[in-house]
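Engineer: Once you've had a glance at the structure underneath, I'll fire off some questions.
The values are calculated or read from the model by the stated rules, or taken from the named source; none is laboratory data. Being a predicted model, the structure only gives us computed values, none of them experimental. Reconstructed Cβ throughout: ideal geometry from the backbone, glycine too, with neighbour counts over all protein chains shown. These accessible areas exclude ligands, DNA and RNA; they are computed on the full protein's heavy atoms, side chains included. Shrake-Rupley method; radii C 1.70, N 1.55, O 1.52, S 1.80 Å.
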Amino acid sequence: MIIQLQAEISEQELTNLERKLSAIEYKTNYVTTQYGRYIIGVGKKEFDIRAIGCLPGIKDIHRVSDSFKLVSKKWKVKDTTIDIGDGVLIGSGHFTLMAGPCSIEGEEQIINIIAHLKANDVKIMRGGVYKPRSSPYSFRGMGIDGLKLWHKHASANGIKIISEVMMTSQIDAMKDYVDIFQVGARNSQNFNLLDALGEVDKAVLLKRGISGTIDELLHAAEYIFSNGNERIMLCERGIRSYENAYRNCFDINAIAMLKEKTHLPVIADPSHGIGLRKYVDKVALASVLAGADGVIFETHQIPEKAFSDGQQTLNFEESSRLIHNLKKTYAFKRELI
Ligand code: PEP
Ligand code: MN
């Protein structure tokens, strides 16, 4: 059960409510976010929802049978909209594009990509300055100096930044320079990191784990929400399968199912999803028809020279074509429903 509390609920009313919940053997978890106060009640007993819902100090009460609660669509039927500032809205009918390199590499690259995004009316640039790499000898990112350099150019051009945070100790230094924290697939169940991101009033894009289930992704998001941050979006980026013809198996099913299960925006990452440049556009367009609220993909002026993930990175011509087709597909999809 989720109980939404009124901001002005008194101590006395809270004690009374607590007593009623303990009488029906419900364990209580108190959650305060940037937008509201909640009690998450967990228990098995049948109860009369009206007997609790009518108590003073309560805004609303909902039965939520899912074991993830706050991210469930069972209590919040209207999809969440995340406001990134300057009119950039994500989710609930706003189609979002995020594009950029796998890794931030230097000033010239930043300037080129920003110009490309502006020419295509893309408002959010992706790029890693802390890179999770399979080999410790591969390029591991420019770090905080790279982020500051990027931020200087992005903010001067009205471009928002999404970048991966790999550990809790990076949050403080990064938070003034990013608009969205990305949690990478390898950290999808790093519960300490998720707890810490719950304490920051900054949007988070949470990727599905390399072999994470849909249920695990939703529970991971619940960590962020229950720690105080409602500004979460989920990202399908492909899962590991027995198939080795491509890098990952992009799970289109997950997009359709997530849209049913959660009110959070769902973003598709076709670049990591298939890992092969030639097919990124097809997978991206399919994700829109499956219900994605947005697409994040990798682009670079010269993908062959990219420091990481060049094999799945689109050049600017391919990127422009994809952006055009994504917008058309989204408009078409809206007509269908
Ligand atoms: C990335 O976005 O560059 C990245 C490392 O993604 P993932 O965590 O999905 O592998
Ligand atoms: Mn990448």
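Engineer: Only one of these conditions is not met by L285: (1) under 20 Å from N190 (Cα atoms); (2) hydrophobic (A, V, I, L, M, F, W, C); (3) open to solvent by 10 Å² or more (accessible area, probe 1.4 Å). Which number is it?
Structural biologist: (1)
Engineer: Somewhere in region 170-193, is a residue open to solvent by 10 Å² or more (accessible area, probe 1.4 Å), within 13 Å of ligand 1 (Cβ to nearest atom) and under 30 Å from I3 (Cβ atoms)?
Structural biologist: Yes: region 170-193 contains one or more residues that are open to solvent by 10 Å² or more (accessible area, probe 1.4 Å), within 13 Å of ligand 1 (Cβ to nearest atom) and under 30 Å from I3 (Cβ atoms).
Engineer: Out of E222, E243, E236, E216, which single residue is more than 11 Å from ligand 1 (Cβ to nearest atom), in contact (Cβ under 8 Å) with a residue 40 or more places away in the chain and not hydrophobic (A, V, I, L, M, F, W, C)? Lay out the reasoning, then the answer.
Structural biologist: Numbers: E243 fails: in contact (Cβ under 8 Å) with a residue 40 or more places away in the chain; E236 fails: more than 11 Å from ligand 1 (Cβ to nearest atom); E216 fails: in contact (Cβ under 8 Å) with a residue 40 or more places away in the chain.
Result: E222 is the single residue among E222, E243, E236, E216 that is more than 11 Å from ligand 1 (Cβ to nearest atom), in contact (Cβ under 8 Å) with a residue 40 or more places away in the chain and not hydrophobic (A, V, I, L, M, F, W, C).
Engineer: A further question on this structure: Go through region 205-217 and report how many residues are aliphatic (A, V, I, L, M) and under 11 Å from the mean Cα position of the chain (by Cα).
Structural biologist: Residues in region 205-217 being aliphatic (A, V, I, L, M) and under 11 Å from the mean Cα position of the chain (by Cα): 3 in total.
Engineer: Mind listing just one residue for me: the one in region 239-249 that is out of contact with any Asp or Glu (no Cβ under 7 Å at 6 or more places or on another chain) and not basic (K, R) and, of those, surrounded by the most Cβ atoms within 10 Å (Cβ to Cβ)?
Structural biologist: N248
Engineer: Please go through region 306-317 and give me each residue that is open to solvent by 10 Å² or more (accessible area, probe 1.4 Å) and either within 16 Å of ligand 2 (Cβ to nearest atom) or not assigned by TED's automatic domain parsing to the domain that holds G100 (or both), ordered by number.
Structural biologist: Listed by number, the residues that qualify are A306, F307, D309, G310, Q311, N315.
Engineer: Same structure, new question: Would you be able to say whether some residue in region 13-21 is under 24 Å from the mean Cα position of the chain (by Cα) and either surrounded by 14 or more Cβ atoms within 10 Å (Cβ to Cβ) or not assigned by TED's automatic domain parsing to the domain that holds A203 (or both)?
Structural biologist: no
Engineer: Among the residues of region 288-300, write down those that are within 13 Å of ligand 2 (Cβ to nearest atom) and either open to solvent by 10 Å² or more (accessible area, probe 1.4 Å) or part of a loop (DSSP other than H, G, I, E, B) (or both).
Structural biologist: H300
Engineer: Sort out which residues of region 22-50 are open to solvent by 50 Å² or more (accessible area, probe 1.4 Å) and either of a type outside the set (D, E, K, R) or closer than 30 Å to D201 by Cβ (or both), and write them in order of number.
Structural biologist: Within region 22-50, S22, A23, K27, N29, Y30, T32, Q34, Y35, R37, V42 meet the criteria.
Engineer: Evaluate the following for K69: is it assigned to a loop (DSSP other than H, G, I, E, B) and either within 16 Å of ligand 2 (Cβ to nearest atom) or at pLDDT below 95 (or both)?
Structural biologist: no
Engineer: For region 124-146: of the residues being away from ligand 1 (no atom under 16 Å from the Cβ) and either crowded, with 22+ Cβ neighbours inside 10 Å or over 23 Å from the mean Cα position of the chain (by Cα) (or both), which is nearest to Y177 (Cα to Cα)?
Structural biologist: The residue in question is D145.
So that you can scan it fast, the table gives a plain yes or no per residue for (1) within 24 Å of S163 (Cβ to Cβ); (2) within 16 Å of ligand 1 (Cβ to nearest atom); (3) in contact with a Cys (Cβ under 9 Å, 6 or more places away or on another chain):
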position	(1), (2), (3)
L258	yes, yes, no
D269	yes, yes, yes
V283	yes, yes, no
I302	yes, no, no
K305	yes, no, no
T313	yes, yes, yes
S319	yes, yes, no
R334	no, no, no
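Engineer: Regarding P303, is this residue within 16 Å of ligand 2 (Cβ to nearest atom) and open to solvent by less than 30 Å² (accessible area, probe 1.4 Å)?
Structural biologist: Yes; evaluated as a whole, the condition is true for this residue.
Engineer: For a quick check of your reading: which strands (runs of 3 or more DSSP E) sit entirely within region 72-123 and have at least 2 residues that are within 16 Å of ligand 1 (Cβ to nearest atom)?
Structural biologist: Values: elements: 82-85, 88-90, 96-100.
Per the criteria, 96-100.
Engineer: Right, another one. If you take the residues of region 256-274 that are part of a helix (DSSP H, G or I), free of Cβ contacts under 8 Å to residues at least 40 places away in the same chain and not small (G, A, S), which of them is surrounded by the most Cβ atoms within 10 Å (Cβ to Cβ)? Full working, then the answer.
Structural biologist: Step one: of region 256-274, the residues part of a helix (DSSP H, G or I) are 256-261, 270-274.
Filter once more, keeping what is free of Cβ contacts under 8 Å to residues at least 40 places away in the same chain: 256, 259, 270, 273-274.
Add one more test, that the residue is not small (G, A, S), and what stays is 259, 270, 274.
On the way: K259: 19, P270: 28, I274: 22.
Top of the filtered list is P270.
Engineer: Now for a separate question. Give me the pairs: first residue in region 1-23 and closer than 25 Å to F68 by Cβ, second residue hydroxyl-bearing (S, T, Y) and open to solvent by less than 70 Å² (accessible area, probe 1.4 Å), beta-carbon distance under 6 Å, and six or more apart or on different chains, which are they?
Structural biologist: Close Cβ pairs satisfying both conditions: I2/Y38; Q4/Y38; L21/T28.
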